[in-house]
Amino acid sequence: MNKSGKTDERIHLLKCIQVYRSLPALWKVKSEEYKNKNIKNESYNILLKVYQERYPSATKEDLKRKFNSLRTNFRKELRKVNDRQSVSGLEDTCQSTMWYFEEMKFLIDQESPDTSFSTIPDENGEYCIMTDSETSEAEILMKNPPTKKRQPALATNDLLELACKRLREPVSDEDQIGITWAHELQKMDPMQQTFAKKFISDILFEGLMGTLHRNSVVINSPATSSENKSPITNVSSASTASSSSHTLQ
């Protein structure tokens, strides 16, 4: 979407937000209109007509999801503003950069950190607002911000405890072998590392195929004139017909 199209979209959404604000049946939880199903449906129809001016094929469900998203983003931004204000103590230095934040401020007394929206419509097709608080915590924070920054000590301690718990866990035999091999590989020069990794990969492959046996591996067998003069590991495949071998090189 080009810049002009994005600007037009924002203008249209701001218009929709203004209409939404004029319809308390859609957002004012404690109002009588909000509890009246008929009034609420009619309010959605009014808002939908405005929304369809730009999105003609939009349905009521599309409209509900859109405003669900707008309100969710507004609530997150409100929380950020409150956090910054609690640190600085100055309201005028904690303005939001969200382009529709000011237009949604009428929802402050409806939003709180424990307010959420269901992502699944109920039996009436509504994306219900769910809250456990009778008093809006968001409104309290906006009017009376804390003077001290809240420290996320609990989260930090939890992470440290998890890290210490992980370090205390015993290392399995397989993990210990892997660690030992890694240390040994680091002691080799690059070419020897290349040979070792190649031979180990081939041995693991044969083991997964179930073809390893007691005489599968031969270390440093005499090199022929056509072979590289470097350590060679042979892995022989088990066979009921013959004792043919598979050479790693």
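Just so you know, all these numbers are worked out from the coordinates, no wet-lab data involved. Keep in mind it's a predicted model, so treat the numbers as computed, not measured. As a convention, Cβ positions derive from the backbone with ideal geometry for all residues, glycine included, and neighbour counts pool all protein chains shown.
How much length is gained if the chain between residue 55 and residue 197 is pulled fully straight, taking 0.36 nm per residue apart and subtracting their Cα-Cα distance, in nm to one decimal?
45.2 nm is the gain from fully extending residue 55 to residue 197.
Give the lysines whose C-alpha is closer than 24 Å to that of residue 76, dropping any in the same chain fewer than 8 places away, or say none.
Partners found: 6, 15, 28, 30, 64, 66, 105, 143, 148, 149.
Counting other Cβ atoms within 10 Å of each Cβ, which GluC sites (Glu not before Pro) in the stretch 10-113 have at most 15 and sit in a DSSP loop?
For GluC sites (Glu not before Pro) across the stretch 10-113 that sit outside H, G, I, E and B with at most 15 neighbouring Cβ atoms in 10 Å, the list reads 53.
Write down, largest first, the equivalent ellipsoid semi-axes of the stretch 1-48 in whole Å, where each equals the square root of 5 times an eigenvalue of the alpha-carbon gyration tensor.
Taking √(5λ) for each Cα gyration eigenvalue gives 28, 10, 6 Å.
Taking R0 as 30 Å, what's the FRET efficiency between residue 6 and residue 162 from their Cβ-Cβ distance, rounded to 0.05?
Details: r = 43 Å, r/R0 = 1.42.
For residue 6 and residue 162, the calculated efficiency is 0.10.
Taking the C-alpha atoms of the stretch 1-107, how large are the radius of gyration and the largest Cα-Cα span, Dmax, in Å?
So, for the stretch 1-107, Rg and Dmax equal 15.7, 47 Å respectively.
Can you put 17, 177 in order of Cβ neighbours within 10 angstrom, beginning with the fewest?
177, 17
7 Å from Cα along Cα→Cβ at both residue 95 and residue 169: what's the point-to-point distance in nm?
5.0
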